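Just below is one structure, and these are the notes that go with it.
Taken together, the values in this text are just the output of simple stated rules run on the coordinates, not laboratory data. If you're wondering where the values come from, they're calculated on a predicted model, not measured in any experiment.
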Amino acid sequence: WGASVDEQSGIWRYEYLVTPEQYVMDTHFTDGAFSTPNTEVVITSGEGVHQSLAFDFVDEMYVHVRAVNNARQASDILTGDPMVAEDPTRPTLPVAVGVKTPSDIRIYITLRSYDPESGIMGHQYSIGTSPGATDVRPWPGIDVMDLTDMSIIPAGASNTPNIKVPIDDLPSGTDLYFNVRGVNGMGQVSRVASTGPYFRERVISLTPELTLSVRSGNHLQVTVDGLATDDMRHAVERLEARVRYHDGKQSSTLHDWKLIGGSEMQGFRSKTSTASFLIGEGYDMEGVTVDIRSTDSGGLTTVVSETYASDSLYNLGSTGKLDASTSLTGGTKIVF
């Protein structure tokens with residue numbers, strides 16, 4: 001507060017009270033005011049000359065001051081705006097562990113932040129391309145918590161509170177770090193704990209190319225190309241085939257889905273796979289359709305179909321008219 005002036009007798013001291021009430025009277029000063037010769041004072045609850053005071057870091061308190069001259073006459077009372085005690089320490093550093101599931105990344109806070117003065121409001125997270133960065137997901141507002149459950153999380157407990165980040169919300173092709181910080185009751189933040197890097201691989205759809213030919217007799221040769229990219233970094237892991245026959249009226253299955261190739265079967269990546277199927281007597285080869293179902297390393301599944309013709313090969317595209325087997329479903333891969 002500013003200094004008072006008394007030209008006659010001068011200023012003897014300043015007296016002050018700390019109360020939760022906005023208004024006090026001179027009689028309250030008589031009952032037990034604190035005093036100082038200075039215009040500045042540090043007030044600590046329950047310590048030193050302020051042992052009789054009891055307030056917390058969330059309590060709004062008013063400081064009332066008056067000047068007393070050497071003639072022991074007091075000035076009017078000056079009351080400041082309500083104040084809350086300042087927390088002298090920031091929250092402790094939390095410990096965060098990320099766990100990948102098929103649909104999301106879960107951030108478990110195995111050791112929460114702690115603040116003995118103003119307590120912890122909760123924890124927040126950001127996502128960035130480097131530890132502590134926020135270029136993918138910024139920190140929320142200081143009064144918005146992503147996780148408020150304060151229980152200690154046992155290691156490996158999948159049903160305990162956690163922050164879930166859907167995989168579909170994450171960019172691909174770059175390292176990702178998940179960052180966590182605690183926020184205390186005064187809005188102060190802890191140092192940042194990071195877990196990572198996580199890498200969401202770019203999913204490349206591989207569409208197999210199917211060729212049919214008669215090897216000998218009633219054996220149908222099936223050749224599938226396009227099972228891997230030129231650099232062999234992306235490949236079909238599982239390749240399956242089904243053989244159907246259509247006599248112009250109805251469709252029947254001659255050979256049900258069978259694993260015929262892919263790195264899962266071969267143990268290595270290959271661009272081409274072949275298989276042979278015995279069609280049997282009594283079937284017109286030109287009524288035979290082969291369905292190929294491929295699943296790549298990202299979980300992406302593609303089904304293509306081809307019907308044999310002696311003079312030409314033609315791609316049926318969707319086999320919806322037969323049994324609606326053609327489908328395309330998305331897949332995602334996260335690499336650690």
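Applying the Karplus parametrisation 6.51 cos²θ - 1.76 cosθ + 1.60 with θ = phi - 60° to the phi angles of segment 115-120, what ³J(HN,Hα) value in whole Hz is obtained for each residue in order, glycine and proline being reported as x?
9, x, 8, 9, x, 10
For segment 43-142, what D do you get in µm² per second when you plug the Kirkwood radius from alpha-carbon pairs into Stokes-Einstein at 20 °C and 1.002 mPa s?
Rounded, D is 117 µm²/s.
Taking only Cα atoms and a 10 Å spring cutoff, compute GNM fluctuations for the chain and point out the largest among Glu281, Glu306, Glu117.
Highest fluctuation among the options: Glu281.
At q = 0.07 Å⁻¹, what log₁₀ I(q)/I(0) does a Debye calculation on the Cα points of the chain give, no solvent, two decimals?
Once normalised to I(0) and log-transformed, intensities are -0.57.
Applying the Karplus parametrisation 6.51 cos²θ - 1.76 cosθ + 1.60 with θ = phi - 60° to the phi angles of segment 9-17, what ³J(HN,Hα) value in whole Hz is obtained for each residue in order, glycine and proline being reported as x?
Using θ = phi - 60°, the values come out as 10, x, 8, 7, 6, 10, 10, 9, 10 Hz.
Provide the three semi-axes, in whole Å and in decreasing order, of the ellipsoid equivalent to segment 69-119 as defined by the square roots of 5 times the Cα gyration tensor eigenvalues.
Result for segment 69-119: semi-axes of 53, 12, 5 Å.
May I have the pair-distance distribution P(r) for segment 201-267, computed from all Cα-Cα distances with 5 Å bins from 0 and rounded to whole percent?
Answer for segment 201-267: a P(r) of 4, 13, 19, 23, 17, 12, 7, 4, 2, 0 percent.
Which whole-angstrom value gives the distance between the alpha carbon centres of segment 103-140 and segment 259-281?
Using only Cα atoms to place each centre, the spacing works out to 48 Å.
Apply the Karplus curve 6.51 cos²θ - 1.76 cosθ + 1.60, θ = phi - 60°, to the phi angles in segment 52-62 and return the couplings in whole Hz, x for Gly and Pro.
7, 8, 9, 8, 10, 7, 10, 8, 7, 10, 10
For Thr174, which sequence-distant residues (separation of 5 or more, or a different chain) have an amide H within less than 5 Å of its own amide H, given hydrogens modelled in the peptide plane?
Amide H neighbours of Thr174: Arg200.
Name the residue, out of Asp296, Asp146, Asp247, whose mean-square fluctuation peaks in a Gaussian network model built on the chain with Cα pairs under 10 Å.
Maximum among the listed residues: Asp247.
For the chain, set up a Gaussian network in which alpha carbons nearer than 10 Å are linked by springs, and say which option among Ser126, Ser103, Ser190 fluctuates the most.
Most flexible of the set in this elastic network: Ser103.
Could you work out the Rg to Rh ratio of segment 225-297, with Rh taken as the Kirkwood radius (inverse of the mean 1/r over all Cα pairs)?
A ratio of 1.08.
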